[in-house]
Amino acid sequence: MTDWSFFPHLNATLNGLSAVFLVAGFYFIKTGQKERHRLSMISAVTVSAVFLVSYVTSKAIIGLDSVKFTAEGPIRWIYFLILGTHTILAIVITPFVLVTFWRALKGRFEMHKKLARLVFPVWLYVSITGVMVYLLLYQLFPPS
Ligand code: HEM
């Protein structure tokens, strides 16, 4: 039997990488480094696309309810709050990320900028909370 237990680690790494590229891309555009902004954002979108494929593949192989969060107390509420907001915002923001990206690729930078101001913080939140969910579920409170 193949051991698929690497998937959560891989997925969390991809989420973390996406956050790093987003922060770098933001820093680059705010310091006028447009080419580096372009490369960082293309990297963020690419890593997120790979994450999506990996995530769907892992769910198809391992199953939808493979690992349960078993810790009790306030941390349980915090976990589900993070997981819930992460999941909803990830679904909502994806089409907006694509539109923001498309506008930039087409050179419509004024419109790109307007949407990017909204998309950027939400996308960063989704990437960071993805890593937090992983840390809580697999590293800090692993099921016994
Ligand atoms: C979905 C991916 C992207 C996101 C989330 C994003 C995000 C941002 C953000 C937050 C800003 C600054 C807005 C502000 O000034 O407050 C910005 C500006 C800019 N972005 Fe992107 N960006 C992305 C992709 C790209 C790509 C691929 C390119 C190049 C083809 C690009 C080119 C630019 C340029 C030229 C500006 C400056 C626009 C101006 O000041 O007139 N961006 N972007």
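The values are calculated or read from the model by the stated rules, or taken from the named source; none is laboratory data. Small disclaimer: the values here were computed from a predicted structure and weren't measured. Neighbour counts run over all protein chains shown; Cβ positions are idealised from the backbone, glycine included.
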Please verify whether region 100-109 includes one or more residues that are outside any helix (DSSP H, G or I) and among the hydroxyl-bearing types (Ser, Thr, Tyr).
no
State whether one or more residues within region 1-18 are β-branched (Val, Ile, Thr), under 16 Å from TYR138 (Cα atoms) and surrounded by 11 or more Cβ atoms within 10 Å (Cβ to Cβ).
yes
When you go through SER58, SER48, SER40 one by one, which is the residue that is under 13 Å from the mean Cα position of the chain (by Cα) and in a helix (DSSP H, G or I)?
SER48
Enumeration of residues in region 50-64 that are aliphatic (A, V, I, L, M) and surrounded by 13 or more Cβ atoms within 10 Å (Cβ to Cβ)
VAL50, LEU52, ILE62
Near pairs, Cβ below 9 angstrom, 6+ apart or cross-chain, from region 95-115 (modelled with pLDDT under 95) to any residue that is part of a loop (DSSP other than H, G, I, E, B):
none
Which residues, counting only those in region 95-113, are more than 8 Å from the ligand (Cβ to nearest atom) and out of contact with any Leu (no Cβ under 8 Å at 6 or more places or on another chain)?
PRO95, TRP102, LYS106, ARG108, MET111
Conditions first: (1) surrounded by 15 or more Cβ atoms within 10 Å (Cβ to Cβ); (2) outside any helix (DSSP H, G or I). VAL67 passes all but one, so which condition is the exception?
(1)
Here is a list of conditions, (1) surrounded by fewer than 18 Cβ atoms within 10 Å (Cβ to Cβ); (2) farther than 30 Å from LEU105 by Cβ; (3) over 15 Å from the mean Cα position of the chain (by Cα), and TYR79 meets all of them except one; can you say which number that is?
(1)
Test: GLY16 is in contact with a Gly (Cβ under 9 Å, 6 or more places away or on another chain) and small (Gly, Ala, Ser)
yes
Which listed residue, of VAL126, VAL119, is hydrophobic (A, V, I, L, M, F, W, C), within 16 Å of the ligand (Cβ to nearest atom), buried (at least 17 other Cβ atoms within 10 Å of the Cβ) and free of Cβ contacts under 8 Å to residues at least 40 places away in the same chain
VAL119
Restricting to region 72-94, name every residue that is within 16 Å of the ligand (Cβ to nearest atom) and among the hydroxyl-bearing types (Ser, Thr, Tyr).
THR94
